[in-house]
1. So which residues in the range 66-86 are open to solvent by 30 Å² or more (accessible area, probe 1.4 Å) and either β-branched (Val, Ile, Thr) or not in a loop (DSSP other than H, G, I, E, B) (or both), if there are any at all?
2. Residue by residue through the range 128-152, note down the ones that are part of a strand (DSSP E or B) and open to solvent by less than 10 Å² (accessible area, probe 1.4 Å).
3. Which condition does Ser150 not pass, out of (1) under 16 Å from Gly113 (Cα atoms); (2) within 21 Å of the chain's Cα centre (by Cα); (3) not charged (D, E, K, R), if it passes all the others?
4. Tell me, yes or no, whether the range 122-130 has at least one residue that is hydrophobic (A, V, I, L, M, F, W, C) and out of contact with any Pro (no Cβ under 9 Å at 6 or more places or on another chain).
5. Spot the failing condition for Ala52; the list is (1) modelled with pLDDT under 90; (2) more than 16 Å from the chain's Cα centre (by Cα); (3) within 24 Å of Pro124 (Cα to Cα), and only one is missed.
6. Can you say whether Phe126 is closer than 17 Å to Gly193 by Cβ, aromatic (Phe, Trp, Tyr) and within 22 Å of the chain's Cα centre (by Cα), as far as the supplied structure shows?
7. What about Pro22, is it within 21 Å of Ser118 (Cβ to Cβ), modelled with pLDDT under 75 and touching a Leu at 6+ places or on another chain (Cβ under 9 Å)?
Amino acid sequence: MPRSALCPTLALIAMIALPLAPVAAEGAGHGPDWLEVTDITTRLHIRTAPSATASHLGAVENGTVLRNLGCRSDWCQVELPDGSAGWAAARYLREGMGPDAIPAPEPNYDATGRLPCSLRYGQPTFQCDFGVTRMGGGDADITIFWPGGSGRQLAFREGIPAVGGIEVERRGDLTVIELDEERYEIPDAVVFGG
């Protein structure tokens, strides 16, 4: 392949891969305002200094959104939800949206709450906010809000998920839905009320 044809192809591959990469460690004051914890199997330790041997200040779950105070090398200084500051390994952080970007459930929902969800294969389950509108007879429209500001709509008709391309499993009073890399556990009480 001629070199001139290869360069645009490599540039396109780099642009497609860029959003999936962890946050780039730049100088203080650079980079996104908000960072989201991602791809951690337990909890992400927040430390007093940018070092794996520094003392722990605390730990946060996948999906936690933190204010970025500046990144350098492989570490980012972050502000925790309680207002304290510490250092986190940059490889477990990606650009996120601030807490104000998360849509609040609309007041016309029949019910709101939290349900178990996971947004990527291998990610531990955490709690997603939801709002449900029930039409009766097992018909319900569920809006699930993800950390970071976006979400997923799920429709149930006669108590059965009415979404194409999903895997469904019943476990007691739960409907477990797998859609792409996402996983949701929907209790019957969300769909039918109760």
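The values are calculated or read from the model by the stated rules, or taken from the named source; none is laboratory data. Just so it is clear, the structure is predicted and the values come from calculations on it, not from any experiment. Glycine also receives a Cβ, built like all others from the backbone with ideal geometry; neighbour counts cover every protein chain displayed. Each accessible area value is taken on the protein alone, full model and side chains, heavy atoms only, with ligands, DNA and RNA left out. Shrake-Rupley method; radii C 1.70, N 1.55, O 1.52, S 1.80 Å.
1. Going residue by residue through the range 66-86, those that are open to solvent by 30 Å² or more (accessible area, probe 1.4 Å) are 67, 69, 72-75, 77, 79, 81-85.
Answer for the range 66-86, where residues must be open to solvent by 30 Å² or more (accessible area, probe 1.4 Å) and either β-branched (Val, Ile, Thr) or not in a loop (DSSP other than H, G, I, E, B) (or both): Arg67, Leu69, Arg72, Trp75, Gln77, Glu79, Ala85.
2. Kept after step one, since they are part of a strand (DSSP E or B), are these residues of the range 128-152: 128-136, 139-145, 151-152.
Within the range 128-152, Cys128, Gly131, Val132, Ala140, Ile142, Ile144 qualify.
3. (1)
4. Narrowing the range 122-130 to residues hydrophobic (A, V, I, L, M, F, W, C): 126, 128, 130.
Then keep just the ones that are out of contact with any Pro (no Cβ under 9 Å at 6 or more places or on another chain); that gives none.
No, there is no match, as no residue in the range 122-130 is hydrophobic (A, V, I, L, M, F, W, C) and out of contact with any Pro (no Cβ under 9 Å at 6 or more places or on another chain).
5. Exception for Ala52: condition (1).
6. On the way: closer than 17 Å to Gly193 by Cβ: no; aromatic (Phe, Trp, Tyr): yes; within 22 Å of the chain's Cα centre (by Cα): yes.
So Phe126 fails the test.
7. Considered against the rule, which asks whether it is within 21 Å of Ser118 (Cβ to Cβ), modelled with pLDDT under 75 and touching a Leu at 6+ places or on another chain (Cβ under 9 Å), Pro22 comes out as yes.
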